[in-house]
1. Which of (1) at pLDDT below 85; (2) surrounded by fewer than 16 Cβ atoms within 10 Å (Cβ to Cβ); (3) at negative phi does Met139 not meet, given it meets every other one?
2. Does region 92-102 contain any residue that is part of a strand (DSSP E or B), at pLDDT 90 or above, surrounded by 14 or more Cβ atoms within 10 Å (Cβ to Cβ) and not charged (D, E, K, R)?
3. On the given criteria, is Val57 more than 13 Å from Phe40 (Cα to Cα) and either without any contact (Cβ under 8 Å) to a residue 24 or more places away in the chain or not assigned by TED's automatic domain parsing to the domain that holds Gln21 (or both)?
4. Closer than 30 Å to Leu41 by Cα, hydroxyl-bearing (Ser, Thr, Tyr) and not assigned by TED's automatic domain parsing to the domain that holds Ser36: which single residue out of Ser90, Ser86, Ser131 fits that description?
5. Out of region 12-29, which residues are surrounded by fewer than 18 Cβ atoms within 10 Å (Cβ to Cβ) and either free of Cβ contacts under 8 Å to residues at least 60 places away in the same chain or farther than 27 Å from Ala93 by Cα (or both)?
6. Filter region 30-62 for residues that are more than 8 Å from the chain's Cα centre (by Cα) and hydroxyl-bearing (Ser, Thr, Tyr); which is surrounded by the most Cβ atoms within 10 Å (Cβ to Cβ)?
7. Across region 63-76, what is the number of residues that are surrounded by 19 or more Cβ atoms within 10 Å (Cβ to Cβ) and not in a strand (DSSP E or B)?
8. Given the conditions (1) of a type in the set (Val, Ile, Thr); (2) assigned by TED's automatic domain parsing to the domain that holds Cys17; (3) not in a helix (DSSP H, G or I), and given that Ile167 satisfies all but one, which numbered condition is not satisfied?
Amino acid sequence: MNETEASIQHSAVAWFCLRSQPKHEHIAAARLRAASLEVFLPRIRFKKGSARGPVWVTEALFPNYLFARFDWRESARLVRHAAGVSTIVSFGAHIPTVPDEVIAELRRQIGEKELHVICETLAPEDRVQISGGAFHGLMAVVAQVLPAKERVKVLLNFLGRQTTVEIDQAALVKESPPRQELL
């Protein structure tokens, strides 16, 4: 037992924060669940602009991090060597545990499926990016939402002047980062 492991109490069934390999959070979670460990991987789903138009994307709420509940003495080695896991988060010789209340609150906010869908509601003066169509990639400002038609009037600078254009709401991606809306 090294100095770091000695800092964990002997009855240490607790939540630990794990760092995963880049974009491998879901692989690490699956492997740990297969080993009968309790895992919490909060994810968000949001609309993002792409060259083909807006697409729905699912990402970890905390990129490269997930949480696992296990007995340190029985499972630390298994967790460290699980596919997708880079390391158990530590600060020098200290390995912090995550309080049960913190995990419970995150679960309450994210939901049972560990997935929070961020639905964009547009309002006048919101900054948006047009994704797809003739104006693809241009930034605009919402002038008016036309809910009956599911269209939006936006103001955009085009050919040196400000123009009002009516666009399908599905082709717009709100400028704010999705994690800011949740946290």
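The values are calculated or read from the model by the stated rules, or taken from the named source; none is laboratory data. Keep in mind the model is a prediction, meaning the values are calculated, not measured. A quick note on method: Cβ atoms are made from the backbone with ideal geometry, for glycine too, and the neighbour counts reach across all protein chains shown.
1. The single condition Met139 does not satisfy is (1).
2. Within region 92-102 (the criterion being part of a strand (DSSP E or B), at pLDDT 90 or above, surrounded by 14 or more Cβ atoms within 10 Å (Cβ to Cβ) and not charged (D, E, K, R)), the answer is yes, since at least one residue qualifies.
3. So Val57 passes the test.
4. Ser131
5. If the condition is that a residue be surrounded by fewer than 18 Cβ atoms within 10 Å (Cβ to Cβ) and either free of Cβ contacts under 8 Å to residues at least 60 places away in the same chain or farther than 27 Å from Ala93 by Cα (or both), then Val13, Pro22, Lys23, His26, Ile27 are the ones that fit.
6. Ser50
7. Number satisfying all stated conditions: 2.
8. (2)
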